[in-house]
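Take a look at the structure set out below.
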Amino acid sequence: MHDVALKPPVAAVHEESRTPYYFVWVALLVLTGIEVVLTYNQVFAPVRMLEVLMGLSVIKSAMIIAYFMHLKFEIASMKWVLMVSLVVCLTLMFVFFADAFRIIHLGVR
Amino acid sequence: MADVAVQHSVAGAYEPSLFGTYSKKIGMWLFLLSDSLTFGALLFAYSYGRISTPNWPTPFGKASIVNATIMTVCLLSSSLTMVLGVLASKKGDHKATVRWLLATMFFGALFVVLHAKEWNGLIHEGLRPFSNPWAKNVPQFGGTFFTLTGMHMLHVTIGVCYLGVVALRKKWLPILLGIWLLGWLLTPATNVFHLGIHVLLLVAVVSAVILVLKPKVYDAHDVEIAGLYWHFVDLVWMFIFPLVYLMSTKVV
C-alpha cells in the first residue's frame, strides 16, 4: 500500500526532450501569423472572421495546455475531469450569443 | 478503536491521489479553472458586444497591430523559456532554472511595458472607460477594452512577480520595491500608471509575507506550478489578441 502512495507523479517520471517544445513554439508563432494575415486582408466577414479566429485560438490553446502545461502527460482521470468541467462551463456561456445575433439581425426590441 | 484510525505520522498512510499527482499541482489547476471562468465571462461579454454592435470601433491601425503581435511573440517566447525552466528544474539544474525563469520574467515585463505603451497611446487619442472618439454611440468599448486587457495585464504582472519570488526569493523584494519606486517617480502624475504601479507595492507586501512565513528553496514542483500559472496567462492572451485587437483592425 505504501508503495502505491509513494509512487512519483506521472509527469515527473516522463523523460522529456526539448525538441517538441520548440516545434510547438514555432507552430504557435505560425498560427499567430496566419491570424494577423487573415485579419489584415479582411478575408472574411466579421462574424465568420470571429469564428475562424476563435477556432485558431482553440487550436493554439489546446497546444499550450497539452504540451506547455503538460496535461498530455497526466493520467486520464485528471485530463478528463479538468477539460470536461472547463468545456462544459464555458459552453454554457454560449447561451448569450443567441441574443447577440437577435440584436444584430432584428435590432433592439 | 483509536489505534485502528489512520496514523497520520506514517508517510504514505493516505490513499494515493485520484489524479496521480501532487496536491499543489491539483490546487493550481483548480485555481486556473476558476480563473478561466472569470476570463471566459469577460471574453464572452466582449464577444457579445462585438457581435451585437454593428459600428463597433476599429481603432487599431498598423502600428497597434504590429505592437500587439510583438506582445504575442513575447508571451509565446516566455512560455517556451518557462517550459525550459521547468525541464531544467526537473533535472536539478538550479542555475539553468533561474536563468530560464529570469528570461521568462524579461519577456513578461516587456509584454507589460508594450501593453502600457499601447494603453497610453489610446488614452492620448481620447479613449476613456465610458467614451471613445471613434464611435460615440458605442460608449461601452472603452470599459470592455480596459477591463479585459487590464485584467490580463494584472495577471501578467503578478506572474512576473510570482516567478521573481520562485527564482530569486528574498533577493527579489528589493528589486521589486526599486521597480515600484522608479516607476512611480518617473511616470507623470496624470498618467494612469502613476497610480496603477502601486499594484507592485501590494504584490511586494504579499510576497514579503509569503517569504517570511514560508522561507524555503523552491523545488521542481514549485517551478512547475508557477509554470502552469504562466502558461495560463499566455493561453488567455491567445483569445484576447484576436478578439480585441484583430477584430478591431483599422484597415486603410
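Take each residue of peptide A:45-53, count the partner chain Cβ atoms within 10 Å of its Cβ, and average: the result is 3.
To make sure I understand the rule: partners must be aspartates and glutamates, Cα under 18 Å from the Cα of B:LYS136, and not fewer than 8 residues away in the same chain. Which ones qualify? In chain and number order, the partners are B:GLU125.
Would you kindly state how much longer the chain becomes between B:VAL199 and B:ASN120 on full extension, computed as 0.36 nm times their sequence separation minus their alpha carbon distance, in nm to one decimal?
Length gained between B:VAL199 and B:ASN120: 26.7 nm.
When each of the peptides A:61-69, B:198-206 is scored by how many other beta carbons lie within 10 Å of its residues on average, the order from highest to lowest is A:61-69, B:198-206.
For the stretch B:172-187, putting each phi into the Karplus relation 6.51 cos²θ - 1.76 cosθ + 1.60 with θ = phi - 60° gives couplings of 6, 4, x, 5, 5, 5, x, 4, 4, 5, 4, x, 5, 6, 8, 7 Hz, in residue order, rounded to whole numbers and with x for Gly and Pro. A simple rule links phi to the HN-Hα coupling: the Karplus curve 6.51 cos²θ - 1.76 cosθ + 1.60 with θ = phi - 60°, which for the stretch B:148-155 gives 5, 6, x, 4, 5, 4, 4, 5 Hz, with x for Gly and Pro. Taking the number of Cβ atoms within 10 Å of each Cβ as an exposure proxy, the fewest-first ranking of B:PHE193, B:PHE19 is B:PHE193, B:PHE19. Note on B:ILE175 and A:VAL58: the model spin-label points, each 7 Å out from Cα along the C-beta direction, lie 4.0 nm apart. The equivalent ellipsoid that matches the C-alpha gyration tensor of the stretch B:193-243 spans semi-axes of 26, 21, 5 angstrom, in descending order. Among B:TYR218, A:TYR22, B:TYR14, the ranking by other beta carbons within 10 Å of each residue's beta carbon, starting with the fewest, stands as B:TYR14, A:TYR22, B:TYR218.
Enclosing the Cα atoms of the protein assembly as shown in their convex hull gives a volume equal to 166 cubic angstrom per residue. Counted over the stretch B:74-125 with a bin width of 5 Å, the fraction of Cα pairs per bin, in whole percents, is 5, 24, 20, 15, 11, 8, 7, 4, 3, 1, 0. Modelled spin-label separation between B:ARG99 and B:ASP222, with each label point placed 7 Å from Cα along the Cα-to-Cβ direction: 2.1 nm. Projecting the Cα atoms of B:THR149, B:ALA220, B:LEU110 onto the dipole axis of chain B, where Lys and Arg carry +1 and Asp and Glu carry -1 at the beta carbon, places B:LEU110 farthest toward the positive end. Computed across chain B, the Kirkwood radius stands at 20.2 Å (inverse of mean 1/r, all Cα pairs). Using Cβ point charges alone (K and R +1, D and E -1), the dipole size of the protein assembly as shown about the Cα centre works out to roughly 660 debye. Measuring between alpha carbons in the structure, the pairs from B:LYS90/B:LYS170; A:LYS72/B:LYS250; B:LYS90/B:LYS171; A:LYS79/B:LYS250; B:LYS25/B:LYS117; A:LYS72/B:LYS170 lying more than 31 angstrom apart are A:LYS72/B:LYS250; A:LYS79/B:LYS250; B:LYS25/B:LYS117; A:LYS72/B:LYS170.
Cβ crowding within 10 Å ranks A:GLU16, A:GLU51 as A:GLU51, A:GLU16, fewest other Cβ atoms first.
Dipole magnitude for the stretch B:29-248: computed about the Cα centre from +1 point charges on Lys and Arg Cβ and -1 point charges on Asp and Glu Cβ, it is near 320 debye.
Taken together, the values in this text are just the output of simple stated rules run on the coordinates, not laboratory data. Everything quoted here is computed from the prediction, not taken from an experiment. Cβ atoms come from the backbone with ideal geometry, glycine included; neighbour counts cover every protein chain shown.
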